[in-house]
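The values are calculated or read from the model by the stated rules, or taken from the named source; none is laboratory data. Since the model is a prediction, treat every value here as computed from it, not as a measurement. Cβ placement follows ideal geometry from the backbone for every residue including glycine, while neighbour counts extend to all protein chains displayed.
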Amino acid sequence: MNKEEIYFMSAVDMAEAIKNGEETSSEILELFIERIEKLNPIINAYCTPTFEMAREMAKKADESIKNGQKLGSLTGIPTSIKDLMLLKGIRTTYGSLLYENFIPEEDEVVVKRLKNAGCVIMGKTNTPEFGHVALTNNKIFGETKNPWDIETNSGGSSGGAAASVAAGMGPLALGSDGGGSIRVPSSCCGVYGLKPTFGRIPRYPHDGIAFWSMDHYGPIVRYVKDAALMLNVMKGHHPADHNSFPDDNIDYVKVLEDKPKKLKIGYSMSLGFGKILEDEVKESVLNGIQKFEQYDWEVEEAQLKIKNPGVAFKTLVSIGYAYDLQKDYNTRIEDLSPDLIATIRLGLDNDSMNIGKAKEQRKQVYEVMYQYFKNYDVLITPTTPCPAFKPGWLESGTTFPTIGKKALSTISWMTYTFPFNMTGLPAASIPSGWTKSGLPIGMQIVGKRYDERTVLQVSKAFEEIAPWQDKKPKI
């Protein structure tokens, strides 16, 4: 295989090639290191490379294969870890000057599971400070650029993860999603990202309470089957995380071979409250939805009427950051990013009645979706209201584009994603097309609670009728 084939190869196929002796993990790793060293100075996806660690892990993988040992499902596969997850012995900054030199003494549970499955960790990927916004920029490492247009942002907060996969700098990336942070960058960068049901993948150890009941870990990849492969490894209960639940014993790679014979799909271009949507995005997603009719699935527009939960979401998030960072807000405010400062201030200004109202609104959003899924199996929406854009400089605060006569904001940028963090439902972003200027457009697939199976099967079905992997950014 040539270099280009390996850079954009699926992890499932790569694992087979390594196990069959067609390629070694060490040889593949060196190709990726070469590419990262060439492209990362342009894109800034990796903030902390771990090449020496990766070389040791690849060597161990090759020795395991040579000695006929039992192999993990990710043996020898290059993987990246978002810089919000603990990686033992490796600088983990959370994108914040507050943790600029922090080195954890243990792995997070999900990282340990990936290691046990045999993956080769090439480094940490960039994120905004504490993952607080859906754009990737911070005061330590700077901005992560979009591989499709380096004048635009990669989205966030798993922007480094999505950009690395899109640019062929690794087949697997671990991301997290508190309001859209897997799905938004996946949409911006033209890759596939899955936010599983809340609690499907445990989070431990994890300091702070910000996003505590809304943050999901999940895979960012180029192929749906690779997301299933990662999910198999990462899912399942851990006693230290009281939100995690038992393994469902489903082999998600295997269930991709099946397609539901009957399926009722609803779609919404507003969720009942969204008022901003670029025409190219709407057209692309509607065209994508029509493709499902090839499977004789029932498809219709859903009359969803969610009352705008934006204020409730901002309240719940801001009180978490205010609680976690009040001391630093008072003593090191100059080290915090402007958007995070504003979020903390909002949290400090909220009272108990506002918090109670926000919790009630969150409950109402779940009730709407509960009633919706009595009649439908899946919900389809756009992932973002517009493609990737060029934000303002970090020091002056984030600036958002105007669509028509309406200006986007931090919260309206996440219109289609954050409600499903409030409900904990599984959701994925899959490329539905590209704009005339060459930027990716994402379509969101939302499933019932605990039903990653259907989300992945519908994703795989769409991938088969509208594959995108032949498109590669020209960096």
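Please go through the range 87-101 and pick out each residue that is part of a loop (DSSP other than H, G, I, E, B) and either closer than 22 Å to Pro338 by Cα or charged (D, E, K, R) (or both).
Step one: of the range 87-101, the residues part of a loop (DSSP other than H, G, I, E, B) are 87-96, 100-101.
Selection gives Lys88, Arg91, Thr92, Thr93, Tyr94, Gly95, Ser96, Glu100, Asn101.
Could you tell me whether Val311 is touching a strand residue (DSSP E or B) at 6+ places or on another chain (Cβ under 6 Å) and either under 22 Å from Ser213 (Cβ atoms) or assigned to a helix (DSSP H, G or I) (or both)? Full working, then the answer.
Values: touching a strand residue (DSSP E or B) at 6+ places or on another chain (Cβ under 6 Å): no; either under 22 Å from Ser213 (Cβ atoms) or assigned to a helix (DSSP H, G or I) (or both): yes.
So Val311 does not fit the description; no.
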Sole exception among (1) surrounded by fewer than 19 Cβ atoms within 10 Å (Cβ to Cβ); (2) in contact (Cβ under 8 Å) with a residue 24 or more places away in the chain; (3) charged (D, E, K, R) for Asp83, by number: (1)
Can you say whether Lys262 is over 30 Å from Glu143 (Cα atoms) and touching a strand residue (DSSP E or B) at 6+ places or on another chain (Cβ under 9 Å), as far as the supplied structure shows? yes
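Can you tell me which residue within the range 450-470, out of those that are assigned to a loop (DSSP other than H, G, I, E, B), touching a residue at least 24 places away in the same chain (Cβ under 8 Å) and out of contact with any helix residue (DSSP H, G or I) (no Cβ under 8 Å at 6 or more places or on another chain), is nearest to Ile201 (Cα to Cα)?
Just the residues of the range 450-470 that are assigned to a loop (DSSP other than H, G, I, E, B), to begin with: 450-451, 466-470.
Imposing the further condition that a residue be touching a residue at least 24 places away in the same chain (Cβ under 8 Å) reduces the set to 450-451, 466, 468-469.
Now drop any that are not out of contact with any helix residue (DSSP H, G or I) (no Cβ under 8 Å at 6 or more places or on another chain), which leaves 450-451, 468-469.
On the way: Tyr450: 12, Asp451: 14, Trp468: 28, Gln469: 27 Å.
This residue is Tyr450.
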Please determine whether any residue of the range 418-441 is of a type outside the set (Lys, Arg), part of a helix (DSSP H, G or I), over 23 Å from Lys305 (Cβ atoms) and touching a helix residue (DSSP H, G or I) at 6+ places or on another chain (Cβ under 6 Å). no
Quick one: is Asp241 exposed (fewer than 13 other Cβ atoms within 10 Å of the Cβ) and touching a helix residue (DSSP H, G or I) at 6+ places or on another chain (Cβ under 9 Å)? no
Look at Thr48 and say whether it is polar (S, T, N, Q), out of contact with any Asp or Glu (no Cβ under 9 Å at 6 or more places or on another chain), buried (at least 16 other Cβ atoms within 10 Å of the Cβ) and at pLDDT 95 or above. no
Kindly list, by first and then second residue, each pair from a residue in the range 355-366 that is in contact (Cβ under 8 Å) with a residue 40 or more places away in the chain and within 12 Å of Phe313 (Cβ to Cβ) to a residue that is of a type outside the set (Lys, Arg) and not in a helix (DSSP H, G or I), limited to pairs with Cβ atoms under 6 Å and residues at least 6 apart or on different chains. Gln361/Pro309; Val365/Ile306; Val365/Pro309; Val365/Thr423
Would you mind listing the strands (runs of 3 or more DSSP E) fully within the range 102-207 where at least 2 residues are among the aliphatic types (A, V, I, L, M) and modelled with pLDDT of 95 or more? 120-125, 172-177
Sole miss for Thr402 among (1) surrounded by 13 or more Cβ atoms within 10 Å (Cβ to Cβ); (2) within 27 Å of Gly433 (Cβ to Cβ) is condition (1)
Go through the range 243-275 and report how many residues are under 23 Å from the mean Cα position of the chain (by Cα) and of a type in the set (Asp, Glu). 3
Could you list, ordered by first residue, the pairs with Cβ atoms under 8 Å in which the first is in the range 157-182 and at positive phi and the second is part of a loop (DSSP other than H, G, I, E, B), at least 6 apart or interchain? Gly168/Phe8; Gly168/Lys472; Gly180/Ala134; Gly180/Thr383; Gly180/Thr384; Gly180/Tyr416; Gly180/Thr417; Gly180/Phe418
Answer yes or no as to whether Gly95 is over 22 Å from the mean Cα position of the chain (by Cα), buried (at least 24 other Cβ atoms within 10 Å of the Cβ) and on the phi > 0 side of the Ramachandran plot. no
Selection from the range 1-52 of residues on the phi < 0 side of the Ramachandran plot and among the small types (Gly, Ala, Ser) yields Ser10, Ala11, Ala15, Ala17, Ser25, Ser26, Ala45
Return the pairs, sorted by first residue and then second, in which the second residue is among the hydroxyl-bearing types (Ser, Thr, Tyr), the first residue lies in the range 320-349 and is more than 19 Å from Thr410 (Cβ to Cβ), the beta carbons are less than 9 Å apart, and the residues are 6+ apart or on different chains. Asp328/Ser96; Asp335/Ser96
Is there a residue being in a helix (DSSP H, G or I), of a type in the set (A, V, I, L, M, F, W, C), closer than 30 Å to Lys261 by Cα and out of contact with any Asp or Glu (no Cβ under 7 Å at 6 or more places or on another chain) anywhere in the range 289-306? yes
